[in-house]
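Asker: I'd like to ask you about the structure that follows.
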Amino acid sequence: MSCCNIWEVFDAKSNLIKEYKHWKLLVRNRNTTLGNCVAITKRHMENFSEITPEEMKEFAQVVKDIEKALKDSFKYDKMNYQMLMMMENHTHFHITPRYSSPRNFAGIKWVDEGWPKLPSPQKAEVSPETLQKVKEEIKKHIK
């Protein structure tokens, strides 16, 4: 197995929401929609088929936690999960809350420009200060 820089790419030091036994949940540093997150396996694996039953069981808890926290925080309409692994060859899921109408948070009007189709793949990075506000809001609602 090769080593990777996924923790630097997603800035785990600044963006960690919650650490589990097998997963880390982070706010994504390039939010495509308000509250966009990423769940990353702590163990490096390049193929999802390498996941253990224990890791998979815990992923179910990660999903329950983040869906509730994002619903309580931002009232999303739909939730999208993507495992792309084109740039970072380490098992991770992009968690993208979707919105049928704009949301206002941290003085910003957040628009899901792709609704109801695919989310916009790239958006300008939000400021580190705004990203921390998003992260703290999610953390208030996660167990």
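Asker: Take the residues in segment 122-143 that are in a loop (DSSP other than H, G, I, E, B) and in contact with a Ser or Thr (Cβ under 7 Å, 6 or more places away or on another chain), then tell me which one is farthest from residue 46 (Cα to Cα).
Answerer: By that ranking, first place goes to 141.
Asker: Shifting gears a bit: How about segment 1-109: which helices (runs of 4 or more DSSP H) wholly inside it have at least 2 residues that are open to solvent by 60 Å² or more (accessible area, probe 1.4 Å) and not charged (D, E, K, R)? Show your work before the answer.
Answerer: Values: elements: 6-9, 12-15, 53-74.
Filter on segment 1-109 gives 53-74.
Asker: While we're on this one: For segment 110-143, what are the residues that are open to solvent by less than 50 Å² (accessible area, probe 1.4 Å), touching a Phe, Trp or Tyr at 6+ places or on another chain (Cβ under 8 Å) and within 13 Å of residue 29 (Cα to Cα)?
Answerer: Answer for segment 110-143, where residues must be open to solvent by less than 50 Å² (accessible area, probe 1.4 Å), touching a Phe, Trp or Tyr at 6+ places or on another chain (Cβ under 8 Å) and within 13 Å of residue 29 (Cα to Cα): just 134.
Asker: Another question, then. Tell me which residues, restricted to segment 86-115, are within 20 Å of residue 68 (Cα to Cα) and acidic (Asp, Glu).
Answerer: 112
Asker: If the Cβ limit is 8 Å and pairs must be 6+ apart or interchain, which residue in segment 50-75 that is within 15 Å of residue 93 (Cβ to Cβ) pairs with which residue that is assigned to a helix (DSSP H, G or I) and among the hydrophobic types (A, V, I, L, M, F, W, C)?
Answerer: 51/59; 66/138; 70/138
Asker: Against the condition small (Gly, Ala, Ser) and modelled with pLDDT of 95 or more, how does residue 101 come out, does it pass?
Answerer: yes
Asker: From the list 51, 6, 40, 17, which residue is touching a strand residue (DSSP E or B) at 6+ places or on another chain (Cβ under 9 Å), β-branched (Val, Ile, Thr) and more than 26 Å from residue 120 (Cα to Cα)? Walk me through how you get there before you give the answer.
Answerer: Values: 6 fails: more than 26 Å from residue 120 (Cα to Cα); 40 fails: more than 26 Å from residue 120 (Cα to Cα); 17 fails: more than 26 Å from residue 120 (Cα to Cα).
Every option except 51 fails the conditions.
The values are calculated or read from the model by the stated rules, or taken from the named source; none is laboratory data. The structure displayed is predicted, hence computed values, not measured ones. Positions of Cβ are generated from backbone atoms using ideal geometry, with glycine treated the same way; all protein chains shown enter the neighbour counts. These area figures cover heavy atoms from the full protein model, side chains too; ligands, DNA and RNA do not enter into them. Shrake-Rupley method; radii C 1.70, N 1.55, O 1.52, S 1.80 Å.
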